[in-house]
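Asks: Encoded as C-alpha cells, here's the structure I'll be asking about.
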Amino acid sequence: MSNHLQNLNLKIWRQDGPADSGRFESYLVGSISDEASFLELLDVLNEQLIGEGQDAIAFDHDCREGICGTCSLMIDGQAHGPQRGTATCQLHMRKFASGDTIVVEPWRATAFPILKDLMVDRSPLDRIVEAGGFITAATGGAPDANIIPIPKPVADAAMDAAECIGCGACVAACPNGAANLFTAAKVSHLNLLPQGQAERWSRVEAMVETMDEYFGSCTNHGECEAACPKSISIDFIAMMHKDFRRAKVKNRTLISQI
Amino acid sequence: MAQAMQSRGPVTGTAATPKKRRKFFLLDFYDTAVGKKYVMAITGIMLLGFVLVHMIGNLKMYLGAEHINDYGEFLRNLLVPIMPRTVVLWLMRGGLLTAGALHVHAAVSLTRLNHKARSVKYQGPRDYQIANFASRTMRATGVIVLLFLFWHLADLTWGWWNATGAKAADGPFVRGDAYGNIVRSFERVPVSVLYIVANIALGTHLYHGVWSLFQSMGWNNPKFKEWRRYLAVAFATIIVVGNVSFPIAVLAGIVGK
C-alpha cells in the first residue's frame, strides 16, 4: 500500500544552453507516490509542464537501476541526494515528506559544462580513461576461468574499485572539484590485478596527468566517498598517490624494474 | 553564470599522445597536483617536527629562567667544536624557511587550481557530509598561523613589539633572555589572548593536516590506517595544550619574576 506525498515545492535549475546564465525556477507537484524514484518525480513534473505547453526539464538518465552512471543531480546540496550509496535513480520519494522544498541543481565543475537545465557534459572523465584505463590483452578465444591465479583479497579490492560507474558524483561533491576518487578507482582496479601490471606505471602517470588538465586537487575532505553511489573508499586515492610517486621515480629504461 | 565550452582534441581511443619532453623528475613531479600534495605533506611533516620540538623546548620555562635561557644557548652552540657557533641553528632555520615557503607556494597554487576547477559555484546551499570545520578552514587557519608567526618573531625574536611590558618595572627587551621576554610579553593580556587564539587556529590546522598527510603520502596500510585520526587528535591536542599553557601560566603568576 503506497502513500502519497502532497505539495512538493521543487526549486529546479533551468538553463537554456551552455552560454545562458541560468536561474532557479519553482514548481509545485501536487501528489506523488512515495514509491516513485526521484527521476520519476521529474517525469511526472515534465508531463505536467508539457501539458501546460512549457519546455520540459532536461536531465540525464538511462538504466534507472543504479548501474549505468548516467543520472546525476545535486539534490538539497548533496550529490545523488540524501541517501548514501545510491544513485539518484534509486533515491525514492519516501526519503522526503509532504510540503518539502527540494532544491535540484546540476553537477558544477568547470570540466562539466552545463548543456541544458540539469544536464552536464562529463566527457573529461572519458579523457582520463582513454589515457590509461585499458590493458594489453591477447585477443582470441576467451581464456579459461582462473587461469591467472589472483588472491581473494586482491580480487575483492579490485572489484571494489571497479564498481565505479563514472557518474561524476565525486567531482560534484568535492569542494575543490577534484576527480581523484574517479581516477583512483579506474587506476586501482587495473593496477591491483596481474593483467594490469604491464602498463601499471605508465597508466597511473598518464591518467593522473590527464586528470590535472581538467580538475582540481584533493584536500582529503572525504566528501567524494560519502557521495559515491557505490561507496568507493578514499583508500584508493592513497593507493593512487603511492603508485604515482613510485611511477615518477621508477627508471623504466630498465624493463626488468617493473 | 555562463561558462564557456572547452574545446577538446579529437577522441583517439588510445593513449597515443606523443611523449612530451619531461623536466627533471622532481620539477616534473611538482608540476602535478598530486606532486604538490606530496610537497605539502613532506614540508608539513618538517613543520610538525618543529612545532613539537618548539613546544617541548618551551616547557623548560616551568623549570626557571636559567633552564630555558641555557636551552637557548645550547641551540646556538649546537655541534660547536665542529661547527662555528649558530651555524647549525641557521642551517635548521634555513630548512624550516624553505619548507615553509614551499608549503605556502604549493597551497597557493593548489587553491588557484581548485578555484579554477569550479568557476561557477553551487547556487543552492551545500550540505557537507564528511568535510569538517578543520578541513574546510585550512586556508584560513594557515593564513592566521602565518600572520601569527610574523608577530611571534617580531615580539620575541626581534623584540620590535616587546619594548615595553605591562609594568614599567619589567624593563626593555633583552636579546637572549627568552624567559624575561616571554614574561614581559605575556603579561599584556591582549597579547596572551592573541597567542591563545592563534594556537587554537594552529591546532585546527594540525587536526586536518596530520590526518591528511597520510592520504597525500599514500600511507594507508590497513595495519595503522585506523590510527591516523587518533594520531591527529593527539598531536593537535598536545601542541595546543602545551602552547596555550604558557600565556596562562604567566598571567596566573606561575611563570614570572
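Any read-out appearing in this document is the output of simple, stated calculations on the displayed coordinates, not a laboratory observation. What you see is a predicted model; the values in this text were computed from it and never measured. So basically every Cβ, Gly included, is an ideal-geometry build from the backbone, and we count neighbours across all protein chains shown.
Asks: Take the Cα gyration tensor of region A:122-257, multiply each eigenvalue by 5, square-root it, and list the three semi-axes largest first, rounded to whole angstrom.
Replies: Equivalent ellipsoid of region A:122-257: 25, 18, 14 Å, largest first.
Asks: Can I ask one more? For chain B, find the longest principal axis of its Cα atoms and tell me its angle to the long axis of helix B:65-76, 0 to 90°, nearest 10.
Replies: Its long axis makes an angle of about 50 degrees.
Asks: Checking the table A:K95/A:K186; A:K152/B:K225; B:K37/B:K60; A:K242/B:K223; A:K95/B:K225; A:K11/B:K121 against a 26 Å threshold on Cα-Cα, which pairs fail? Let's see the in-between values first.
Replies: Working: A:K95/A:K186 31 Å; A:K152/B:K225 21 Å; B:K37/B:K60 35 Å; A:K242/B:K223 16 Å; A:K95/B:K225 33 Å; A:K11/B:K121 17 Å.
Listed pairs above 26 Å: A:K95/A:K186; B:K37/B:K60; A:K95/B:K225.
Asks: Further question: Considering all alpha-carbon pairs of region A:4-116, what whole percent are spaced by more than 25 angstrom?
Replies: The answer is 17 percent, as a whole percent.
Asks: log₁₀ I(q)/I(0) of region A:50-208 at q = 0.10, 0.12 Å⁻¹, via Debye over equal Cα point scatterers, no solvent, to two decimals?
Replies: Normalising to I(0) and taking log10 leaves -0.47, -0.64.
Asks: Residue separation times 0.36 nm, minus the C-alpha to C-alpha distance between B:W158 and B:L63: what's the value?
Replies: Additional length available on full extension: 31.8 nm.
Asks: I'd like the FRET efficiency for A:R64 and A:D100, computed as 1/(1 + (r/R0)^6) with the beta carbon distance as r and R0 of 22 Å, rounded to 0.05.
Replies: So, using R0 = 22 Å, E works out to roughly 0.50.
Asks: How far, in nm, would the chain grow between B:V120 and B:D177 when pulled straight, counting 0.36 nm per residue and subtracting the alpha carbon separation? The partial results should precede the final answer.
Replies: On the way: separation 57, 0.36 × 57 = 20.52 nm, distance 5.36 nm.
Extra length from B:V120 to B:D177 when fully extended: 15.2 nm.
Asks: Give the separation of the Cα centroids, region B:81-151 to region B:216-257, in Å.
Replies: If you average the Cα positions of each part, the centres end up 18 Å apart.
Asks: While we're looking at this one, here's another question. If you build the Cα gyration tensor of chain B and take the root of 5 times each eigenvalue, what three semi-axes come out, in whole angstrom, biggest first?
Replies: 42, 23, 18
Asks: With Rg and the Kirkwood Rh both taken from Cα atoms, where does Rg over Rh land for the protein assembly as shown?
Replies: Values: Rg = 28.0 Å, Rh = 26.3 Å.
With Rh from the inverse mean 1/r over Cα pairs, Rg/Rh is 1.06.
Asks: Taking R0 as 56 Å, what FRET efficiency do you get between A:D126 and B:L91 from their Cβ-Cβ distance, rounded to the nearest 0.05?
Replies: For A:D126 and B:L91, the calculated efficiency is 0.65.
Asks: By how many degrees, between 0 and 90 and to the nearest 10, does the Cα long axis of helix A:200-214 differ from the longest principal axis of chain A?
Replies: Helix A:200-214 and the main axis of chain A meet at about 40 degrees.
Asks: Per DSSP H run of n ≥ 4, the term is -39500 (n - 2.57); total these for the protein assembly as shown, divide by its residue number, and report the mean residue ellipticity at 222 nm rounded to 500 deg cm²/dmol.
Replies: -15500 deg cm²/dmol
Asks: Also: Say we join alpha carbon atoms closer than 10 Å with springs in a Gaussian network model of chain B; which of B:Y195, B:Y71, B:Y128 then has the biggest fluctuation?
Replies: The residue with the greatest mean-square fluctuation here is B:Y128.
Asks: Using a 7 Å offset from the Cα along the Cα-to-Cβ direction at both A:A138 and B:I130, what is the distance between the two label points in nm, to one decimal?
Replies: Distance between label points: 4.0 nm.
Asks: Here's something else I'd like to know. To the nearest 10 degrees, how steeply does helix A:180-191 sit against the main Cα axis of chain A, on a 0 to 90 scale?
Replies: 40
Asks: Something else: What residue among B:A131, B:A178, B:A234 shows peak mean-square fluctuation when chain B is described by a Gaussian network model with Cα springs under 10 Å?
Replies: In the Gaussian network model the winner is B:A131.
Asks: Let me ask another. Compute a Gaussian network model of chain B, connecting alpha carbons closer than 10 Å, and tell me which residue from B:D127, B:D31, B:D70 fluctuates the most.
Replies: Checking each option, the largest mean-square fluctuation is seen for B:D127.
Asks: How many angstrom separate the Cα center of region A:119-161 from the Cα center of region B:62-76?
Replies: Centre-to-centre (Cα) distance: 61 Å.
Asks: Please report the net charge: other residues with Cβ closer than 10 Å to the Cβ of B:V210, K and R +1, D and E -1. Can you show the working numbers first?
Replies: Numbers: positive: B:R228, B:R229; negative: none.
Once all neighbours under 10 Å are counted, the net charge is +2.
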